[in-house]
Amino acid sequence: MLSVDVSKKLGIFALEISLQIENPGITALFGPSGAGKSTFAKIIAGLCAPERGRIAFEDKAFFDSAKGVDLPPERRGVGFLFQEHRLFPHMSVYKNLSFGRVAGGRRPCCGVEEISEVFGITPLLDRKPASLSGGESQRAALARAILAAENFIIMDEPLSSLDEALKDDLLGYIEKIPPLFGFPIIYITHSKDEVLRLAEKAVIVKEGRVEKSGSAAEMMKSDA
Ligand code: ADP
Ligand code: MG
C-alpha cells in the first residue's frame with residue numbers, strides 16, 4: 001500500500017492531500033487543470049518537495065518531514081510516464097528501456113524483450129526516438145516506466161499529446177498492465193472516459209484537496 005499525507009503551498013491555494021492506495025490495479029486521480037495533480041505526482045516521485053508530511057510504500061518511508069527522510073527519485077522505485085515521452089534522444093529504444101531498469105522486484109515479467117513484446121515495440125528496439133511516431137514513442141516510454149518501476153507507476157496525462165485513434169490504441173496497452181504487474185498504478189487525467197475505461201477507484205482532486213474518492217463508476221456518476 002502507498003500512503004501519502006503531504007502539504008505544500010501552491011500560489012493561490014495549498015496542496016493538502018492525504019490518501020492511501022492499495023495494490024494492485026489502477027487508481028485514477030481526476031480533476032480540472034490547475035488542481036495540483038502534476039505537483040502531487042512530482043511530490044510522490046521525489047521530483048518536488050512538500051513542506052511537510054509523510055510518503056510511504058508498504059513499510060518504507062520515501063519522505064518524512066518529522067524524521068528528516070527524503071529519498072531521491074532513483075531510490076523510490078517509481079516508474080513515471082509524462083504527457084510527453086521524454087525518451088533519451090541519443091540512445092536506441094533498447095538502451096532507453098534498459099536504462100534505469102530494476103531487476104526482479106514484484107514483476108513476474110521484467111525483461112526488455114518480454115516487455116517489448118507486450119507493448120508491440122520489438123521491431124523498434126534498434127531505432128532512435130527521433131524516428132518514432134508519437135504513439136510508438138509513448139509505448140516505448142510506457143515500457144521504460146514499467147522496467148524502471150519497482151514499487152508503483154505514476155502516469156500523468158499520458159494520452160494528452162496523442163490524437164483520438166492513438167489514444168484508444170495506448171489505452172489498450174495500459175489496460176494490459178494490471179494483470180501483468182502486481183503493483184499500483186496512479187493514473188492522472190481530466191478525462192472521465194479514461195477514468196471509466198481504466199480505473200477501479202477514482203480520487204477527485206480540486207484546488208489541492210481530495211474532494212472525494214471511491215469506485216470509479218460512482219465517482220464519475222456524481223461528478224457533474
Ligand atoms: P494540474 O496538473 O492539476 O493541472 P499543477 O500541479 O500543474 O496542476 O499546478 C497547480 C498549481 O500549482 C498551478 O497554479 C501551478 O502554477 C502551481 N505550481 C506548480 N508547481 C509549483 C511549485 N513548485 N511551487 C508553487 N506553485 C506551483
Ligand atoms: Mg498536470
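The values are calculated or read from the model by the stated rules, or taken from the named source; none is laboratory data. What you are looking at is a predicted structure, and each value in this text was computed from that prediction instead of being measured. All Cβ positions, even for glycine, are placed from backbone atoms using ideal geometry, and neighbour counts span all protein chains on display. Accessible surface is based on the protein model in full, side chains and every heavy atom, while ligands, DNA and RNA are left aside. Shrake-Rupley method; radii C 1.70, N 1.55, O 1.52, S 1.80 Å.
Checking the conditions here, which among Glu113, Glu150 is part of a helix (DSSP H, G or I) and either without any contact (Cβ under 8 Å) to a residue 40 or more places away in the chain or surrounded by fewer than 23 Cβ atoms within 10 Å (Cβ to Cβ) (or both)?
Values: Glu150 fails: part of a helix (DSSP H, G or I).
Of Glu113, Glu150, the one residue that is part of a helix (DSSP H, G or I) and either without any contact (Cβ under 8 Å) to a residue 40 or more places away in the chain or surrounded by fewer than 23 Cβ atoms within 10 Å (Cβ to Cβ) (or both) is Glu113.
None of Val195, Val210 is open to solvent by 10 Å² or more (accessible area, probe 1.4 Å), of a type in the set (Val, Ile, Thr) and either within 16 Å of ligand 2 (Cβ to nearest atom) or modelled with pLDDT of 95 or more (or both) except Val210. Among the numbered conditions (1) within 16 Å of ligand 1 (Cβ to nearest atom); (2) open to solvent by 60 Å² or more (accessible area, probe 1.4 Å), the only one that Glu218 does not meet is (1). Taken together, the residues in segment 18-40 that are away from ligand 2 (no atom under 14 Å from the Cβ) and either at pLDDT 95 or above or part of a strand (DSSP E or B) (or both) amount to 7.
Each residue in segment 74-97 was checked for being farther than 15 Å from Leu47 by Cβ and at pLDDT 90 or above, and 11 of them qualify.
Against the criterion of being of a type in the set (Phe, Trp, Tyr) and farther than 14 Å from Ile204 by Cα, Phe13 qualifies. Would a scan of segment 147-161 turn up a residue that is away from ligand 1 (no atom under 16 Å from the Cβ) and either within 20 Å of Glu194 (Cα to Cα) or at pLDDT 95 or above (or both)? Checked against the condition, which is being away from ligand 1 (no atom under 16 Å from the Cβ) and either within 20 Å of Glu194 (Cα to Cα) or at pLDDT 95 or above (or both), segment 147-161 yields at least one hit. Residues in segment 9-30 that are out of contact with any Phe, Trp or Tyr (no Cβ under 9 Å at 6 or more places or on another chain), within 20 Å of Arg76 (Cα to Cα) and open to solvent by 10 Å² or more (accessible area, probe 1.4 Å): 4 in all.
Within segment 139-151, the residues that satisfy the criterion of being under 28 Å from Ser3 (Cα atoms) and either touching a helix residue (DSSP H, G or I) at 6+ places or on another chain (Cβ under 7 Å) or basic (Lys, Arg) (or both) are Leu142, Ala143, Arg144, Ile146, Leu147. Scanning segment 46-57 finds one or more residues that are part of a strand (DSSP E or B) and in contact (Cβ under 8 Å) with a residue 60 or more places away in the chain. Within segment 58-100, being away from ligand 1 (no atom under 16 Å from the Cβ) and assigned to a strand (DSSP E or B) holds for Lys60, Ala61, Phe62, Asp64, Val69, Val78, Gly79. Of the residues making up segment 43-52, those that are touching a helix residue (DSSP H, G or I) at 6+ places or on another chain (Cβ under 9 Å) and open to solvent by 30 Å² or more (accessible area, probe 1.4 Å) are Leu47, Cys48, Ala49.
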